[in-house]
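Shown next, in structure tokens, is the structure this report addresses.
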Amino acid sequence: MPLTICSSPPAIDLLYWRDIKQTGIVFGSLLLLLFSLTQFSVVSVVAYLALAGLSATISFRIYKSVLQAVQKTDEGHPFKAYLEMEMNLSQDQIQKYTDCLQLYVNSTVKELRRLFLVQDLVDSLKFAVLMWLLTYVGALFNGLTLLIMAVVSMFTLPVVYDKYQVGLSALCIWGGWVALPGCCLLDLVSSCSLQAQIDQYLGLVRTHINTVVAKIQAKIPGAKRKAE
């Protein structure tokens, strides 16, 4: 079954802030929900959210009813358009999401079975080391903190990389630990403009390092080099 069944262009648009208003609402709502869960229980958060929503809708309904009575108009229910909106999931949509969920569940179960039953000793040892490292991560952060960090990263890293893609890719290639997707490394390094940009970054780094070293030498007695 192809993985394209689970692709979601609207989610990509959200992560890349192509609609700033919509992304801001989603991002802010997620952070508010997660920060609320750090202070209150799940039951309390759900109850407070329900009360806030009901307070807003009831107040608006009363306001519109009073306004219609004063103006002697008959506009009907203020939420009539939303009440008549079709919200049923079609059979095709249900089948699509079910197939997507089934795909991920099956692949996860197969991978866990392979790791725990030591089909490949090296992979199982790597998984054991990863779980051991996660024990230290769990000692420093709880699950909600990690979830907050993940949400912030999801909504910031794609935008930062998309905005500074050329500079970040150049530094990554110069460091030798990642290749720029879709480009030939030889052609990229030989590019004059990119090479000039890399030299500029390296010059700034060297200047900053020399400044820091000079300040440290000025603070430590006897650390200054003798003039030649």
* Candidates per chymotrypsin sites (Phe, Trp or Tyr not before Pro) in region 70-119, loop by DSSP, up to 15 other Cβ within 10 Å -> 79
* Structure fact -> quick shape note, region 1-87: Cα extents on principal axes in Å, largest first -> 57, 35, 27
* Structure fact -> Applied in sequence order to region 136-145, the curve 6.51 cos²θ - 1.76 cosθ + 1.60 (Karplus, θ = phi - 60°) yields integer Hz couplings, x standing for Gly and Pro, of 6, 4, x, 6, 9, 10, 8, x, 5, 4
* Using the Karplus equation 6.51 cos²θ - 1.76 cosθ + 1.60 (θ = phi - 60°), what ³J(HN,Hα) coupling, rounded to whole Hz, does each residue of region 51-57 give in order, writing x for Gly and Pro? -> 5, 5, x, 5, 4, 5, 5
* Asked: Given C-alpha coordinates of region 23-73, what is the ratio Rg to Rh with the Kirkwood estimate of Rh?
  -> 1.23
* To do: Mind pulling up the Rg/Rh value for region 44-175? Radius of gyration and Kirkwood radius, both on Cα.
  => 1.19
* Asked: Among all lysine pairs in region 1-160 that are eight or more places apart or on different chains, how many have alpha carbons less than 22 angstrom apart?
  -> 5
* Asked: Which value, in nm² and rounded to one decimal, describes the direction-averaged projected area of the C-alpha convex hull of region 76-153?
  -> 9.6 nm²
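Read-outs: derived from the displayed coordinates by stated rules, not from any lab. Every value quoted in this text rests on a predicted model; they were computed, and no experiment measured them. We place every Cβ from the backbone using ideal geometry, glycine too, and count neighbours over all the protein chains shown.
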